[in-house]
Every structure is written in structure tokens, then in C-alpha cells.
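In what follows, a structure is listed as C-alpha cells, so that the remarks can point back to it.
The values are calculated or read from the model by the stated rules, or taken from the named source; none is laboratory data. None of these values were measured; they are calculated from a predicted model. Neighbour counts are summed over all protein chains in view; Cβ atoms, including those assigned to glycine, are modelled from backbone coordinates with ideal geometry.
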Amino acid sequence: MRKFFQAAAVAGFLCAVLIGQARAGAGIDPKAESLLRAMAGHMQSLAAFSVTEASLVDRVFPNGQKVAYFHKTAIKAERPDKLRAEAVGDDVAATFVLHGPTLQVFDAKTKAYVALDVPPRLEAALEQAMTQLRLVGPMIDFLAADPYASMMEKVLEAVYVGPSEVGGRPCHHLALRQLTQDYELWIDAGKTPWPLRLAVTDKTRHGDPRILVEYQDWKPVSGFPAKAFAFTPPAGAVRTKVAPQPATAGRKP
């Protein structure tokens with residue numbers, strides 16, 4: 001027992017030292033900025049890619065308990081205006097297809113789908129869809145015309161946490177802070193700076209819910225066949241409209 005206590009005390013001391021160092025270096029750490037620029041530049045250079053997201057999304061119940069929901073999403077994206085995402089998980093079975101100025105969303109559980117008129121660029125289209133459908137969008141910064149500018153918008157602090165590992169792959173762990181959200185990003189330390197994991201904590205919502213995403217099987221391509229971004233509602237599907245959503249739902253008082 002004493003041995004455990006001593007080890008815990010040492011670990012606590014080291015943790016306090018590291019936290020103190022991070023706070024002392026508050027601002028934009030040059031190493032973190034350099035790694036972020038390299039990753040963002042790589043994502044910006046891609047004409048098209050596919051990737052699989054494995055995500056955990058916190059939901060905060062009325063009693064204050066956080067409950068984890070797990071999802072898996074297969075994504076195909078092609079700049080400047082095409083995206084297909086097929087999501088399955090604890091509370092979702094949906095297909096999202098963006099092609100030019102139209103985003104169609106099909107919910108396999110209710111057999112309902114919506115078609116939205118959206119701006120003709122990935123970033124703007126997804127931002128509008130997130131607002132109208134109350135979606136979460138951990139991929140949106142990587143799809144921006146300027147991923148670095150998108151990720152650094154309103155960032156007050158960015159620090160290099162240290163080396164880490166995701167799925168057996170060495171990576172760099174970064175932490176970024178805004179007034180309303182905290183981010184952590186794990187970037188592949190190999191030849192290609194792929195984002196491997198992203199964590200987002202929403203400090204404006206009750207319980208500070210978190211989204212944790214691991215990106216698997218990145219595949220850059222020159223483009224996809226047109227049918228990849230075609231959507232035909234299945235037999236029995238019913239088109240519906242999007243109900244207005246209160247902007248402050250779920251926010252902290």
C-alpha cells in the first residue's frame with residue numbers, strides 16, 4: 001500500500017510539474033503550430049479521399065450522467081463540393097450525400113429523408129447542415145478550403161502535449177483551447193501527417209460533453225465515380241421537412 005501511495009504521489013508531482021509547464025507556455029506553442037500547419041497543408045492538398053471514423057459521442061442525461069454513444073462512419077469526400085457519409089451506431093443509421101448545392105439525408109430507422117439547398121462548397125454546406133439538422137461535424141475543419149485557418153479560428157492556446165500512440169502508430173499529441181471548446185489532436189508522426197484522433201469538449205453545454213473520433217484507413221485518390229455521390233430514395237422512403245431548432249437547446253444556463 002505504501003509503495004502504491006508513493007508511486008501515486010510521484011505521478012501526481014510530475015503531473016503538476018507538466019501542467020505548470022503547459023500553463024507557463026500558454027499561447028501558441030511553435031512546435032504545435034508547425035505540426036498543425038503540416039497536417040493542414042497535407043489535407044488541403046488532397047483532391048479526394050476516403051476514411052472511416054470510429055466515434056464516441058457523449059450525451060448528457062437530465063440527471064447529469066454522461067452516456068456514451070458509439071458510431072462508425074464511412075466517408076468519401078471530393079473537393080470542392082462532394083461528400084458521402086454512411087453512419088451506423090447506437091442511435092443512428094443514416095446516409096448523407098452532398099453533391100453541389102444539394103444535401104440529402106436519409107434516416108434508415110424512420111425511412112424519412114430531407115433535401116436541403118446548401119452553399120456549393122464543402123465547408124459552408126456542412127456548417128449550414130449542422131445548424132439546420134443539429135449534427136456534429138468533427139470532419140469539417142479538414143474539408144475547409146484552408147484547414148489551418150479553420151482549425152485555428154478563435155484558438156487562444158495551442159500546446160504540444162508530447163509523443164503518443166494511436167492504434168500502434170506513433171503520433172504527436174496537441175491540445176488547443178478556445179473560449180467555448182477544447183480540442184485535442186493526434187497527428188501521425190510518420191512520413192504523412194494524417195490526423196489519427198480528435199477529441200472535442202463543448203464547454204457551453206451542460207456536463208461538458210465530449211466527442212472522440214479515431215480516423216482509420218485514410219486513402220487519397222484522384223477522384224470518385226459519379227455514382228459515389230448519387231442518391232436515390234429507397235422504396236417506401238418519405239420526404240420530410242426540417243423543423244426549426246432552438247439555438248440554445250442543451251446550453252448551460
**Report entry** Candidates 68, 115, 74, 85, filtered to the one that is assigned to a strand (DSSP E or B), over 19 Å from the mean Cα position of the chain (by Cα) and either surrounded by 17 or more Cβ atoms within 10 Å (Cβ to Cβ) or among the small types (Gly, Ala, Ser) (or both)
**Finding:** 115
Report summary line: Scanning segment 128-175 residue by residue, those part of a loop (DSSP other than H, G, I, E, B) and hydrophobic (A, V, I, L, M, F, W, C) turn out to be 135, 136, 139, 144, 145, 155, 156
Requested in this report: For residues that are surrounded by 10 or more Cβ atoms within 10 Å (Cβ to Cβ) and of a type in the set (S, T, N, Q), scanning just segment 217-246, find the one that is nearest to the chain's Cα centre (by Cα).
Outcome: 245
Query - Only listed residue being in contact with a Pro (Cβ under 7 Å, 6 or more places away or on another chain), modelled with pLDDT of 95 or more and not hydrophobic (A, V, I, L, M, F, W, C), chosen from 101, 120, 163 - result: 163
Report summary line: residue 40 passes all but one of the listed conditions (1) within 14 Å of residue 140 (Cα to Cα); (2) of a type in the set (Gly, Ala, Ser); (3) surrounded by fewer than 18 Cβ atoms within 10 Å (Cβ to Cβ); the exception is number (3)
Requested in this report: Of the conditions (1) out of contact with any helix residue (DSSP H, G or I) (no Cβ under 9 Å at 6 or more places or on another chain); (2) on the phi < 0 side of the Ramachandran plot; (3) touching a residue at least 24 places away in the same chain (Cβ under 8 Å); (4) of a type outside the set (Gly, Ala, Ser), residue 154 clears all except one; give me its number.
Outcome: (2)
Report task. Inspect segment 218-229 for any residue being at pLDDT below 95 and among the hydrophobic types (A, V, I, L, M, F, W, C) and give the result as yes or no. Result -> yes
Report task. Please tell me if residue 145 is at pLDDT below 95 and over 19 Å from residue 102 (Cβ atoms). Result -> yes
Report summary line: If we ask which residues in segment 176-216 are touching a residue at least 40 places away in the same chain (Cβ under 8 Å), under 14 Å from the mean Cα position of the chain (by Cα), part of a strand (DSSP E or B) and more than 16 Å from residue 37 (Cβ to Cβ), their number turns out to be 9
Report task. Could you look through segment 166-175, keep only residues that are among the hydrophobic types (A, V, I, L, M, F, W, C) and more than 13 Å from residue 31 (Cβ to Cβ), and pick out the one that is nearest to the chain's Cα centre (by Cα)? Result -> 166
